[in-house]
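Notes follow the structure.
The values are calculated or read from the model by the stated rules, or taken from the named source; none is laboratory data. In this text the structure is predicted, and so the values were computed from the model without any measurement. With ideal geometry, Cβ positions are generated from the backbone for all residues, glycine too; neighbour counts draw on all protein chains shown. Side chains are part of the model used for accessible areas, which takes the heavy atoms of the whole protein and leaves out ligands, DNA and RNA. Shrake-Rupley method; radii C 1.70, N 1.55, O 1.52, S 1.80 Å.
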Amino acid sequence: MRRFALPAILIGLGVLTLGWAVGCHQSVRAYLDDHCRYTGMTTDRGGHRARGYDCPKAPGAMARAVRSAHRPADARASPSGYFLRYRSDMVGILPGRRGASSSRALLADERNGYGYFNNYVGGWWGTYSGPGESFRGGGPGGGK
Amino acid sequence: MTPRAALLAVLAATAALALPGAAQARPLLDDADAAELAQTLADATDEQGVCYGWHIEVQDDGGSSDGVDEGSNLGPELPVPITGSCARYVELRGRVHWTSDWSESDDSSSARVVSNFPEAPTIDDLQDLGLDGGGDLKDDDGDAKLSALVAALPAVTADKLNLPYVPFEDTTIPAAQQGQPTGSSLPDWLRDRWFVLVLALLLLGAGGWLLVQRRAMAFAEERDSKRPKTETDT
């Protein structure tokens with residue numbers, strides 16, 4: 001039986017590693033819940049909803065921190081803030097209301113996020129019929 | 001509509017209605033896209049007092065797109081005002097070289113950030129945000145990459161100099177034109193932990209291979225032990 005000890009150990013480690021990779025992944029929402037203060041749901045003029053957070057870092061630093069913890073499928077920066085796209089979520093990181101070292105994060109699902117941040121991601125992360133539609137990307141993996 | 005926005009709209013319309021052959025096409029951005037990007041920079045300049053622009057030199061060995069693609073907060077055809085109205089400026093400068101079809105050399109491109117103050121953004125800052133550093137300007141979607149790089153300059157400058165951002169605005173685009181999110185991406189856990197998945201698969205593969213090999217050895221030994229001895233074995 002000793003000859004089977006090493007393969008059993010390797011297989012056991014492989015199963016544990018696989019389980020950790022799949023099962024212990026923290027979502028970007030959980031990251032924001034842990035690192036920022038939830039301030040409630042917000043709704044824009046178009047009725048799109050997002051979870052609001054007050055975060056303790058400046059927008060750029062917060063965007064880099066979120067990116068470092070959870071690599072986005074796509075990212076955009078504009079003079080108004082930073083926008084990160086995940087498989088099912090979109091995150092907007094804007095200047096905070098508590099000074100230069102703070103930021104405001106908005107987390108929405110894909111549908112609400114596309115509407116909420118449409119001025120900044122419209123056409124880049126989906127279909128679009130507004131200004132500048134000719135060069136916008138159409139989403140990760142969506143081609144041009 | 002502000003006077004500046006009206007001026008940009010007139011410039012874009014004039015460029016679009018220009019007689020054929022009277023105006024040279026931009027090598028990278030369409031006229032309307034350049035006008036929109038210039039307007040974005042103009043909004044940032046109004047808030048921050050920093051001038052922004054881009055200047056990309058294009059060499060097209062196999063086509064007719066040689067030229068310079070430039071623009072700034074002053075307009076889609078105007079360079080960033082290095083002297084005069086702006087105490088501080090930030091400009092994305094780059095070059096694109098498209099080789100001919102029969103050339104053995106590959107297409108190439110690069111970009112850097114030029115400014116007149118030490119705390120200005122660098123190309124590394126843009127790469128830290130997940131943006132390409134200029135190497136993809138030569139690709140088919142180089143115009144989109146250029147726009148993304150230039151549009152990011154005001155936000156990075158705001159962080160570094162503690163300047164205001166342009167206020168976030170809800171979309172003003174009618175719902176029918178907003179479109180739908182498209183494109184698929186890998187599951188988030190896979191994008192974050194692909195290397196751990198590879199390690200797990202290697203461990204499982206190695207363990208499984210060893211298991212099969214040693215099981216075969218055990219079976220062979222068991223078979224040999226049961227084989228009757230002959231005179232040649234002694």
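A few points about this structure:
- Near pairs, Cβ below 8 angstrom, 6+ apart or cross-chain, from the range B:81-109 (touching a residue at least 60 places away in the same chain (Cβ under 8 Å)) to any residue that is exposed (fewer than 14 other Cβ atoms within 10 Å of the Cβ) and outside any loop (DSSP other than H, G, I, E, B): B:Leu92/B:Arg112
- Hits in the range A:74-113 (condition: part of a loop (DSSP other than H, G, I, E, B) and either facing chain B (nearest Cβ under 8 Å) or among the small types (Gly, Ala, Ser) (or both)): A:Pro79, A:Ser80, A:Tyr86, A:Arg87, A:Ser88, A:Gly96, A:Gly99, A:Ala100, A:Ser101, A:Ser102
Matching residues to (1) polar (S, T, N, Q); (2) touching a Gly at 6+ places or on another chain (Cβ under 6 Å); (3) under 29 Å from B:Trp194 (Cα atoms):
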residue	(1), (2), (3)
A:Ala58	no, no, no
A:Ala63	no, no, yes
A:Val66	no, no, yes
A:Ala73	no, no, yes
A:Leu84	no, no, yes
A:Ile93	no, yes, yes
A:Gly96	no, no, no
A:Ser102	yes, yes, no
A:Ala108	no, no, yes
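- Within the range B:213-234, restricting attention to residues that are open to solvent by 100 Å² or more (accessible area, probe 1.4 Å) and modelled with pLDDT of 85 or more, the residue that is nearest to A:Ser88 (Cα to Cα) is B:Arg215.
- Where B:Ala176 falls short, out of the listed (1) in a helix (DSSP H, G or I); (2) modelled with pLDDT of 90 or more; (3) hydrophobic (A, V, I, L, M, F, W, C): (2)
- With respect to the conditions (1) crowded, with 17+ Cβ neighbours inside 10 Å; (2) of a type in the set (A, V, I, L, M); (3) more than 9 Å from chain B (Cβ to nearest Cβ); (4) not in a helix (DSSP H, G or I), A:Met41 falls short on a single one, namely (1).
- Here A:Ala63, A:Ala58, A:Ala73 are screened, and the one residue that is surrounded by 15 or more Cβ atoms within 10 Å (Cβ to Cβ) and touching an Asp or Glu at 6+ places or on another chain (Cβ under 7 Å) is A:Ala58.
- Residue in the range B:67-86 that is surrounded by the fewest Cβ atoms within 10 Å (Cβ to Cβ), counting only those that are modelled with pLDDT of 90 or more and in a loop (DSSP other than H, G, I, E, B): B:Leu78
- For B:Pro181, the stated conditions hold: it is out of contact with any His (no Cβ under 7 Å at 6 or more places or on another chain), under 24 Å from A:Arg64 (Cα atoms), surrounded by 19 or more Cβ atoms within 10 Å (Cβ to Cβ) and at pLDDT below 90.
- Test for A:Arg71: is it free of Cβ contacts under 8 Å to residues at least 12 places away in the same chain, closer than 17 Å to A:Asp109 by Cα and within 7 Å of chain B (Cβ to nearest Cβ): yes
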